[in-house]
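See structure below.
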Amino acid sequence: MAARKGRRRTCEAGEPMEAESGNTSSEGPAQVYLPGRGPPLREGEELVMDEEAYVLYHRAQTGAPCLSFDIVRDHLGDNRTELPLTLYLCAGTQAESAQSNRLMMLRMHNLHGTKPPPSEGSDEEEEEEDEEDEEERKPQLELAMVPHYGGINRVRVSWLGEEPVAGVWSEKGQVEVFALRRLLQVVEDPQALAAFLRDEQAQMKPIFSFAGHMGEGFALDWSPRVPGRLLTGDCQKNIHLWTPTDGGSWHVDQRPFVGHTCSVEDLQWSPTENTVFASCSADASIRIWDIRAAPSKACMLTTATAHDGDINVISWSRREPFLLSGGDDGALKIWDLRQFKSGSPVATFKQHVAPVTSVEWHPQDSGVFAASGADHQITQWDLAVERDPEAGDVEADPGLADLPQQLLFVHQGETELKELHWHPQCPGLLVSTALSGFTVFRTISV
């Protein structure tokens with residue numbers, strides 16, 4: 001969360017932070033700063049971060065901004081909470097010229113937690129120790145890059161047995177699959193990385209490519225249940241199914257799934273059924289499909305007007321029969337798939353004041369999800385939260401009355417947020433990409 005510079009900001013888990021004047025007698029009581037709702041910053045004010053609201057917070061730059069990325073599952077173990085952390089990202093750039101783009105493997109390591117503020121009365125010796133400690137706590141980044149002609153619209157990673165691969169949607173209209181093993185190897189060893197960048201990177205090519213979409217797209221999802229099975233959707237309203245074949249290749253069905261009337265924006269496989277997937281579109285609809293039927297007849301369920309305008313993103317819960325959607329209307333909607341025929345969401349949240357750009361359910365906690373928006377906000381939510389009527393929050397801060405009870409946290413400070421993901425092996429850890437770069441953080445709320 002951010003605070004107005006020059007003002008103290010207090011925070012407890014699940015509550016927005018207050019901006020207090022340094023002189024309450026002249027400026028009145030504490031105010032709640034609500035992004036997009038409260039008064040704009042006054043001249044001379046700027047937002048600064050309250051580190052006490054974060055368990056961990058790091059930022060990274062990679063040159064050209066990345067529209068999309070994915071977290072690469074690793075062999076360092078599940079449920080990792082001990083600091084410092086290490087994580088691996090696969091990302092694709094959106095550079096100014098087509099030939100300047102890169103597919104990248106990032107190894108971020110030595111990620112320590114936020115440092116507590118210095119205690120009052122600390123002496124020079126303690127300050128010197130702090131400086132030495134600060135040097136040891138510096139985050140580290142290794143970066144292996146592969147040239148890619150054309151901006152990369154979306155990246156999704158999967159493991160085919162012991163082989164990590166990335167599906168890549170290019171603005172040039174083709175979908176490619178890249179093998180990632182070599183990239184993962186070289187980011188572990190500085191000498192190997194230097195040799196790779198000097199001798200090998202220019203020779204790395206995709207192991208498979210499909211140009212049958214007849215235009216660019218964004219939607220892409222690997223099946224979590226059938227290794228190598230892939231869905232891709234384009235801006236021409238078509239969805240194609242990829243089936244892995246012997247020898248490490250794919251058969252792409254040339255017959256598209258028919259139903260949407262505008263661009264297919266996102267795709268999600270069912271986490272429980274091998275043949276079922278969901279799609280969302282700029283035609284404002286969400287559709288549920290079953291690939292056992294012919295592509296022209298595979299659409300089984302439709303909510304025709306799920307949002308007021310384009311639906312940009314969906315996420316299918318791994319733990320509950322819930323689908324989460326976010327649209328250009330700024331709304332977040334939750335759909336119970338057992339009641340999908342009703343055409344009505346079971347919950348709608350309106351905190352974002354611009355299009356929602358990314359949504360994702362927490363991989364372990366069934367009621368928690370995160371969203372990012374073009375309003376430069378990342379929001380964290382918990383469906384299980386209800387406001388305590390005896391807490392007195394609303395009386396203390398009337399602005400809280402307008403906030404959804406389930407809103408846990410609002411993160412700011414990024415510019416043009418594009419995508420976020422929870423780390424599947426580090427509980428509560430969120431990673432986001434924006435025009436301003438990558439951010440890795442964990443809040444006190446999740």
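Among the numbered conditions (1) over 21 Å from the mean Cα position of the chain (by Cα); (2) over 21 Å from Lys418 (Cβ atoms); (3) touching a residue at least 12 places away in the same chain (Cβ under 8 Å), tell me where Gly215 comes up short.
(2)
Output the qualifying pairs, or none if there are none: Cβ atoms under 8 angstrom, residues six or more apart or on different chains, first residue in region 138-166 and touching a residue at least 12 places away in the same chain (Cβ under 8 Å) and on the phi > 0 side of the Ramachandran plot, second residue surrounded by 16 or more Cβ atoms within 10 Å (Cβ to Cβ) and part of a strand (DSSP E or B).
What qualifies is Gly150/Ser170.
Results for (1) crowded, with 22+ Cβ neighbours inside 10 Å; (2) among the β-branched types (Val, Ile, Thr); (3) in contact with a helix residue (DSSP H, G or I) (Cβ under 6 Å, 6 or more places away or on another chain); (4) in a helix (DSSP H, G or I), shown as yes or no for each residue.
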{"residue": "Gly167", "(1), (2), (3), (4)": "yes, no, no, no"}
{"residue": "Gly173", "(1), (2), (3), (4)": "no, no, no, no"}
{"residue": "Leu183", "(1), (2), (3), (4)": "yes, no, no, yes"}
{"residue": "Ala202", "(1), (2), (3), (4)": "no, no, no, yes"}
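Could you run through region 167-184 and say how many residues are without any contact (Cβ under 8 Å) to a residue 60 or more places away in the chain and closer than 19 Å to Arg107 by Cα?
Looking only at that region, the number is 3.
Name the residues in region 284-301 that are in contact (Cβ under 8 Å) with a residue 24 or more places away in the chain and not in a strand (DSSP E or B), would you?
Once the filter is applied, which keeps residues that are in contact (Cβ under 8 Å) with a residue 24 or more places away in the chain and not in a strand (DSSP E or B), region 284-301 yields Ala284, Ser285, Ile291, Ala294, Pro295, Ser296, Ala298.
Is there any pair linking a residue in region 371-385 that is crowded, with 21+ Cβ neighbours inside 10 Å to one that is acidic (Asp, Glu) and part of a strand (DSSP E or B), with Cβ under 9 Å and at least six apart or on different chains, and which?
Once the first residue is crowded, with 21+ Cβ neighbours inside 10 Å and sits in region 371-385, its partners that are acidic (Asp, Glu) and part of a strand (DSSP E or B) give Ala371/Glu360; Ser372/Glu419.
Assess whether Leu193 counts as being crowded, with 19+ Cβ neighbours inside 10 Å and part of a strand (DSSP E or B).
So Leu193 does not fit the description; no.
Which number in (1) more than 16 Å from Ala434 (Cβ to Cβ); (2) open to solvent by 30 Å² or more (accessible area, probe 1.4 Å); (3) among the small types (Gly, Ala, Ser) marks the one condition that Ala98 misses?
Every listed condition holds for Ala98 apart from (2).
What number of residues in region 243-262 are open to solvent by less than 40 Å² (accessible area, probe 1.4 Å) and of a type in the set (Asp, Glu)?
Looking only at that region, the number is 1.
Among the residues in region 220-234, are any closer than 17 Å to Glu176 by Cβ, open to solvent by 50 Å² or more (accessible area, probe 1.4 Å) and modelled with pLDDT of 95 or more?
No - not one qualifying residue is present in region 220-234.
So Lys115 passes all but one of these: (1) modelled with pLDDT under 95; (2) of a type outside the set (Val, Ile, Thr); (3) touching a strand residue (DSSP E or B) at 6+ places or on another chain (Cβ under 7 Å). Which condition number does it fail?
The number of the failed condition is (3).
Kindly establish whether Ala278 is among the aliphatic types (A, V, I, L, M) and assigned to a loop (DSSP other than H, G, I, E, B). Full working, then the answer.
Details: among the aliphatic types (A, V, I, L, M): yes; assigned to a loop (DSSP other than H, G, I, E, B): no.
No: the conditions fail for Ala278.
The values are calculated or read from the model by the stated rules, or taken from the named source; none is laboratory data. Since the model is a prediction, treat every value here as computed from it, not as a measurement. Reconstructed Cβ throughout: ideal geometry from the backbone, glycine too, with neighbour counts over all protein chains shown. SASA here: full protein model, heavy atoms, side chains in, ligands and nucleic acids out. Shrake-Rupley method; radii C 1.70, N 1.55, O 1.52, S 1.80 Å.
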